[in-house]
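S.K.: Starting off with a structure, shown below.
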Amino acid sequence: MVREMENRSFAPQRSAAEEELDEAKKLLEFIKSNCTKQYEQNQQAAKKIGELLKDFEAKLKELEEALKEARDMVQKANSQNTLNSQALTDLLKRIKNLEKERDNVAKDIVIATRQLKDTDNLLKKLSDSKKEYEQLAAQLDGAKTDLSDRVNDISRAAGMEGLVKRAEDHAALLDRLARELQEAIRNSSGRGDVKDALAAVDAYKNITEAVNAAEEAARKAKEAADKAQKDVSQGDIPNRSKNLKDKSNRLLKDAKNAAKDLKQVTEDLTNQQERLEAAGKKKATLEKKLLTITDGLKGVQRDDIGTMIDAAKRKAAAANASATDTLDKLRSIGDEVKKISLTPSGSNIDRMLDDVDMTVKNLSNSIPSLLDKITQVESLSSQIDPNNNISSNINRIKELIEQARDAANRISIPMKFTGSEYVELRPPKNLADVRAYTAFNLLLQRPKGTSRGDGRRRRQQTARDAGDLFVLYLGNSDTSKDYLGMALRSNVLYFIYKLNGNVYEIKSDTITDSDPEPAFFDKVDVYRIYQDAEVNLTKLFTSNKPDEPLTNTKQGEPNYNLLDLDPSEVVFYVGGYPDDFTPPDPLKYPKYRGCIELSTFNERFISLYNFKSLKPDNVTLQVPCKRYVQPTVSEYFEGSGYAKVPLDKVSRVLSLAQAMETRAENAVLLYIGDENSYYSITLEKGYMVLRGRDGDNVLEPRKSEKKQDVNGELKVIFDSANQIVRVRMKNTEVLTGPYSQGNFKSYYIGGVPSDLRERDNITAVPLKGCVFSVNAAGRTPTIAEKVGVSRGCPKEMLTSRKAEFCTGGSLEAPPKDFDLAGDVTLSLGFKSTENEGLLLQNKQAGRDLGLRMVNGSVMLQIQDTVWKSNKQYQDGEWHYLTVIKRGQSVELRVDEQDVGEIQDSMPQTINSDNIVLGNGDFTGCLANVYLRRPRIQWRAEDLSLFTSTGDILLDVCTVTPPPQSMLARHGSSRSQKDSRGTLKREGAAACFLPTALGHSFQLAGTPSSATFRAPPAAISSRPFFSLDVRTRSAEGLLLYSPSEQEEFHLALYVSKGRIRLSVGRRREIFNREKYNDGKWHTVTLSLEKRRFRLVIDGLRAQDGLLEAGESSSLQLSSTVYLGTPPTSTQADLKWKVLPEHGVVGCVRNFKMNGMPAAAPLMNHGVGPCFEGHAESGAYFSGQGAYVIADDSLVLGQQSFELVFEVRPSTETGLLLHVGDAHHVTVFMRQGEVVAQVNKGGGEFSVAVRPKHPLCDGVFHRIAVIQSSNVVEMHVDTEGMYTIGLSSTSPPKATYPVYVGGVPDHLNFSSLPVSESYVGCLQNVLINGAAVILEKLSRVFGPVSLRDCPSNLRRSRPSREA
C-alpha cells in the first residue's frame, strides 16, 4: 500500500490546492483593501461614541447630584413646613386664647361698669332718702298744730265698724262658695279631662286666697280700731295717729280689691262649671264613637273596583288588630292616669291643693299629646277606605302608633308598686346593639315604715318587707341564658349580669327611705360595655342638694363578653314578674315596694307608662310619689323626630331663631312650608344647605362656603319685601336664597314628618342634639307637637357610638392613654357587605396593631405576626371582635366563638401614630369601640370627638344584608347579557348607584313616551287600568288609548291640576280636588258597558254614562300610551281638545285588568323613577338606550372637539359614536376612557385612566380634541395624546352623533364595546356648541333627559364567573 501510494501521482490535487491558495490570497488582498477601511472607520466611530457616553455619564452623575440636592432641599422644605405648620398652629391657639382673654376682660369691664353704675345709683338713693328723712322730721315738728284734725280722723275711723261687718259677711259667703267648690271637685275627680281639673284647682286657689285676704283685712281692721282706742285712752295720740291713718287707707284698698277678686272668682267658677259640663258631654260622645268604630270598619265595602287582594286584606286586618290593641293599652293608660286624683279635706285644704297641683303639672306636658295620638288613631281607623291606598293607610297607622308610644315614653312620672303588681315593658328594638353596650338610668324610692296600727301589724309588715326586693330583669325567658337585672338585699342595691355562663355582681349602697309626699328618690346610672360594668348611685337626687355619686365597678372576663338575647324569648320585667316565671337565684326576691321611674335606655327615653302589659289584670295604679322636678330650658332631640311650632301670622319679614348644641354633621335644622312651597335648612357633611320649592319650580340648592359649627344661635330671616331668605349662624351670614311669601301656619325644628319628607324629598336625618331659646317673630312660641323630643339636655346622650364609612372616609384620634407596650384588651363592632377594608390601626414606638378585613375574614396584625378568623363576615350583619394581649400571648375572637389562628401572611406596613378607623378603604359601619382607656373606661369611644376625613355619617348605619340567595339563584340560571346578546364583563370595583323605584316610569313631557300592548280580551270585555302617579304638572296627558274609529278614545289626563277621564265624544268625569302636589296618588279607571268610572285615592267621581250604541262602537285599540303619544296622533288630540304632550312626573304600579304591565314595546325617553333629590343632566339606564345629539355633523373637517361630564354607574360603556368606517368613538372600558379615531389611514386611539375611579359617585370632565392625525384626551387632571399614521383627508360627509349607545339594527363593526352607557351625563359641548339635552327630540330607550338622581348608594363589587 505504501508503494502504491509512492507510485500514485498527486499532481491534480496539487494543482487544485495551488489554485485554492491563489484564490485565498486574492480574497485576503480584497479584504485588506475593502474591509480594513470600514473597520478603521468603525473603530473611530466607537471611540467617538465612547467619548460621548463618558460625557453623558458625567452629566448623569451631575444630574444625580442635582436631584440629590433637590431631594435634600425638599426634605428640608418639608421639615421647615412642618415646623411652620406647628408654629402656625401654636400662634392660632395663642390668638384664640388671647381672644378669649380679651372677651373675658371685656366682660369684666362691662361687669365693673355695671357695678359702678349701681354704686352711683345707690349713692343717689341714699341722698334722696336723706332729703326725705329731713322732710319727715320737719313734718313731725309741725304735727302738733294738726292735733285737732287727727282726733277728728280717729273719730271717723271709729265709724268704720260697718265696713268690718260687711267684710266678715263677705268672708262667710266665700267660705260657703269654697265648700260648694270642694263638693264639685269631689264629684268631678273621676273625670278624665286633666286640663279642666287644673283650671278648677286654679279657681279654687283664687277663692281661697280671696277668703284669706278678706279674713286678713277684717283682722287688720279690728286690730287697727282696738289700737286706735288704746292709743286714745293712753294719750299716745301724736305717735299713733299717722300709723292709724295709713293702715285705715290700706284696709279700704284691700277691701276694694277683695270685692274685685270675689267678682272675678265668681265668673271663673261659672266658666269652669260650664267647661266641666262640656267635658262630660264630650266624653259621652267619644265613648259612643269608640263603640261604633268596629261596626264602621266592618261595614266598609268596595262596590266599584271589585274584591280586595287577599294579601291586602290580611295586612289591613293585622293593622286594625294592632291599632285596636294599642288603643286598648293606651286607653288603659289614660284611665289609670285619670284615677290619679286626691279627695280634698276640709281641715287640710292647702295640702290638697299642693298635691293636685303637683300631679297635674307632672301630667300636663305629656297626657295631651298622648290623648291626641289616641284620637288620631281612632279617626284614621274609622276612615279607612278599601279603595284608598291600603299600604299608605297601614303605614300611617303604624306611624301614629309609634308617635303614641313616643308620647307615652315622655311621661316622666314615677310608678308606685305595692308588692303585688309588675310591669312588662317592650324589649329594646336594637338587640344587636344591646349585645355589646347597655346604659340605662332609673329613680328608686323606698317608703318609710308606717307607725299606724298595732304592734302585730307592724311586725307582719317588717317580716314581709325586709328590704330583699326584685327591681328589674332584662333577658331570656330561659334564665339559664344571658340576662341583666337589679335587686335589693337588705335595702342595698345590687346589679347582676350574666354573660355566657359567667355571673357578675356589683354591690352599691342602701336606697333612701322617704315619705311619698314629697318623696326623695335615688338615681341609679348603669353602664355596661362588653364584660365591664359601672354603677353610679346618687342619693337624694330629687332634693335641692343631692349627694355626690357613689361609683362601683366590675371587670369581667374578655373572652366571653356579649349579652346574647333571643328576640323570640326576650322579656323585660320591672317591679315584679309573673307567677309562671322563675327569676335566677340572684334576683329571686319578692316584688318591689316603693316608687320606680325609668328615664333612658341606650340614649333613648323610656317610661314605665309605655308598658306592654300591667299585671295582674285587676290591678289599680296607686297615686305616684310626688317629687321635686328640676326646671329645664332646653329640648333634647334624640335623632328620630321633630318639633312643630305654630305661627300666628307671617309678616313681611319673618325671623326665626333657635340656639343649638350638637355634634352632628348631618341633620335637618329647620323646615317651613305649605302645599305650594317650602324652605329647609339642613346640615350635610358639616356644610349648611338651603333647599326649597316655589310652586312647581324647585330652587337650586345653596351650600355654605365652608363647614359650619352649629353650636350657637341659628337665625333665619324670610324677607318678602326683598324676596330673599337669609341664614345667619352666630350673627354671621352664611347663606342667602330667593324667597316668596307663603301661607305658612307652622314650621318644624330638627326634622319633618314622613309625609312631608316624601312630598319634598327631604333626605337629611333628624337632628340629634339640644335646642333652646326658640324665638318666632320676636316671641317665645309654644311647641304644639313633639316626636322624639324630651325636656332637658343630658350631655352624655350627645355622644356618638356608631358611624357609617363610605369609600375615602376615616376617623382619627391621638392614642392618649392607649399603650401597646403593656397588656391590651380591645373590642369593637363592625358591619359590612365588602370583602376588604381596614377596621383599626395604630403604631407606637416600634409596636403596631392592625385590624382589617381580607376576603371577608378578620385579620389581626401585631408586630410581624398575623392572626386570621376562621369565618367570613361580609354578610351585612353586626359582628363583635375582641383582641386580648397578655405579655406574649395574643388572642383574637369574633362573636366569642371564632378564635383566630396564626397565619404565614406577610404583615402590612402601618404608618399612622394615631388611632385610625376606616383609613379610606372600608365601607360599612363601626360601633361600640372600646379601648379601655383610663379616662373613659366603662364607656364606648365617642366617635364625634374623632377627626373625620371623607364621607362619615355619625349615629347612622344603612348597611343591610344582601339578598344572597336570590342573587345566587339568578346567577346560576342565566348569564347577564345586554340588548345585543353579548356577554357582559362586569367590573370588579363597587360603583355608586341610584335607588330606583320598582316598576316605575319617569315621564319627562314632550319627548317622553312608552307604548304598551294590552291583551285584546281585556280591552274588548271590560277595560280596567290602575296606576300611582306623582306630578307637579298642571297640564299633560297620563294615559291614552285610541279607538279603531277616530272619534272615540280613552284618555286620562291632568288639566288645571285635576285628573280627568275622557271617553268617547268629549265625555269626561273628574274630581274637583287638585292632585299636582308632588305626592303619590292612586288612580283607577274602568269601563263597563255604558258606564265608566274614575276613583282617585278612594274618592269616586260621579260615574260617566255613554249614549246608547256608543259602547258597542267604542272598539278601543290594544295599544296604550303612557306620556306623550306619537306624532301621528297629534291631530286627533288637538280636535278632541286633549293635551298634546305628557306630564312631567312619575308613574308606578301600572296595571291593566289587575295584571302588572309588561315591558313597553317601544320606549322613547322613559326611564325609571329614583328616590331622593335630582340635579341637572340626563340619566341613561342602559338596555340599548341612546339619543341623537346632532343629525348632521360634518366629520371630514380638520378638527373635532368634544367636552362633556359623566357620572357613570358602570365601568364599561359607549359614550359617543359618530361616523362609519371613518369615525370618532369615545367609550369606557374597565375604568379607563378611550378615544378611538379612524381618518382613513387606519385606527389609532388614546386611553386615560383617571386618578379616582370613574364610578365613585362624582362627575368627571372628559375632553377630546382631534386635529388631523393627532388625538388628545383629558379626564379630570390626567391627559394623554397619540399620533396616528398620516393620510389624505377623507371626503367630508355628515353623520348623526349617537350618545350613550347606537341602534341595534345598525352594524358598526368598529365598535370596541357593545354595552350602552349607564349613568348621568351633563354639560355636553360639540365643536364649542352646547347641546341642550332636555330639548332633544330623538330619544330611544330608557333615558331621562330632565334630571339625574343625586342620592347614591354604594353597590357590592361584581365578579366575573
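S.K.: Quote the accessible area belonging to residue 1133 in square angstrom, nearest 10, computed with a 1.4 Å probe and with ligands, DNA and RNA left uncounted.
M.R.: Its heavy atoms expose roughly 0 Å² to the probe.
S.K.: Determine the share of region 1156-1311's accessible area contributed by carbon and sulfur atoms, expressed in whole percent, with a 1.4 angstrom probe.
M.R.: Carbon and sulfur together cover 51 percent of it.
S.K.: Same structure again: Step through the residues of region 49-55 one at a time and calculate ³J(HN,Hα) from phi using the Karplus curve (6.51 cos²θ - 1.76 cosθ + 1.60, θ = phi - 60°), rounding each to whole Hz and writing x for Gly and Pro.
M.R.: Listing the rounded values in order: 4, x, 5, 4, 4, 4, 4 Hz.
S.K.: Over region 6-76, give the accessible area per residue in Å² for a 1.4 Å probe, as an integer.
M.R.: On a per-residue basis, region 6-76 sits at 98 Å².
S.K.: Out of the GluC sites (Glu not before Pro) in region 683-735, which ones are loop residues according to DSSP with at most 13 other C-beta atoms within 10 Å?
M.R.: Listed in order of number, the matching sites are 705.
S.K.: For region 1167-1283, calculate the relative contact order in percent as a whole number, restricting contacts to Cα pairs under 8 Å that are 6 or more residues apart.
M.R.: 22 percent
S.K.: How large is the charge dipole for region 1062-1104, taken about the Cα centre, if only the Cβ atoms of Lys, Arg (+1) and Asp, Glu (-1) carry charge, to the nearest 20 debye?
M.R.: Charge dipole, region 1062-1104, about its Cα centre: 300 debye, nearest 20.
S.K.: About the Cα centre, and with charges only on the beta carbon of Lys, Arg (+1) and Asp, Glu (-1), how big is the dipole of region 1-58? Nearest 20 debye, please.
M.R.: It comes to approximately 100 debye.
S.K.: Additional query: From the cross-link list 554/615; 523/615; 554/685; 768/1079, which pairs have alpha carbons spaced over 30 Å apart?
M.R.: Listed pairs above 30 Å: 554/615; 554/685.
S.K.: For region 405-439 and region 637-698, what is the centre-to-centre distance using only Cα atoms, to the nearest Å?
M.R.: Here the answer is 32 Å between Cα centres.
S.K.: In whole Hz, what ³J(HN,Hα) sequence does region 925-931 give by Karplus (6.51, -1.76, 1.60; θ = phi - 60°), x for Gly and Pro?
M.R.: Per-residue couplings from phi come out as 10, 10, 7, 6, 6, 10, 9 Hz.
S.K.: How much solvent-accessible surface does residue 757 expose, in Å² to the nearest 10, with a 1.4 Å probe and all protein chains in place?
M.R.: The accessible area of residue 757 comes to roughly 50 Å².
S.K.: Turning to a different aspect of this structure: Taking a probe of 1.4 Å, how large is the accessible area per residue of region 904-960, in Å²?
M.R.: 45 Å²
S.K.: Starting from the amide H of residue 634, placed 1.01 Å from N in the peptide plane, find each other amide H under 5 Å away whose residue is 5 or more places distant or on another chain.
M.R.: Result for residue 634 returns 792.
S.K.: Roughly how many Å² of residue 612 are accessible to a 1.4 Å probe, to the nearest 10?
M.R.: My reading of the accessible area for residue 612 is about 90 Å².
S.K.: Once amide H atoms are built 1.01 Å from N in the peptide plane, which residues 5 or more positions from residue 532, or in another chain, come under 5 Å H to H?
M.R.: 556
S.K.: Could I ask something else about it? Name the residues whose placed amide hydrogens come within less than 5 Å of the amide hydrogen of residue 915, ignoring near sequence neighbours (fewer than 5 apart) on the same chain.
M.R.: Under 5 Å from the amide H of residue 915 lie the amide H atoms of 813, each far enough along the sequence or on another chain.
S.K.: With contacts defined as alpha carbon pairs under 8 Å and 6 or more residues apart, what's the relative contact order of region 549-686 in percent?
M.R.: So the answer I get is 11 percent.
S.K.: Right, something else. Go through region 1-96 and name the trypsin sites (Lys or Arg not before Pro) that are in a DSSP coil and have 16 or fewer other Cβ atoms within 10 Å of their Cβ.
M.R.: Here the sparse-neighbourhood loop sites are 8.
S.K.: Separate question: Step through the residues of region 888-901 one at a time and calculate ³J(HN,Hα) from phi using the Karplus curve (6.51 cos²θ - 1.76 cosθ + 1.60, θ = phi - 60°), rounding each to whole Hz and writing x for Gly and Pro.
M.R.: For region 888-901, the Karplus curve yields 8, 8, 10, 9, 10, 10, 10, 6, 6, 8, 8, 9, x, 10 Hz.
S.K.: In what sequence, largest accessible area first, do 1217, 1274 appear using a 1.4 Å probe?
M.R.: Reading off the accessible areas and sorting them downward yields 1274, 1217.
S.K.: Accessible area per residue of region 1073-1154 at 1.4 Å probe, in Å²?
M.R.: Ligands and nucleic acids excluded, the figure is 43 Å² per residue.
S.K.: Dipole magnitude of region 562-677 about its Cα centre, charges +1 at Lys/Arg Cβ and -1 at Asp/Glu Cβ only, in debye to the nearest 20?
M.R.: Dipole about the Cα centre, nearest 20: 620 debye.
The values are calculated or read from the model by the stated rules, or taken from the named source; none is laboratory data. Model, not experiment: these values are computed from the prediction. In this analysis, Cβ positions are derived from the backbone assuming ideal geometry, glycine residues included, and neighbour counts consider all displayed protein chains. The accessibility values were calculated without ligands, DNA or RNA, using every heavy atom of the protein model including side chains. Shrake-Rupley method; radii C 1.70, N 1.55, O 1.52, S 1.80 Å.
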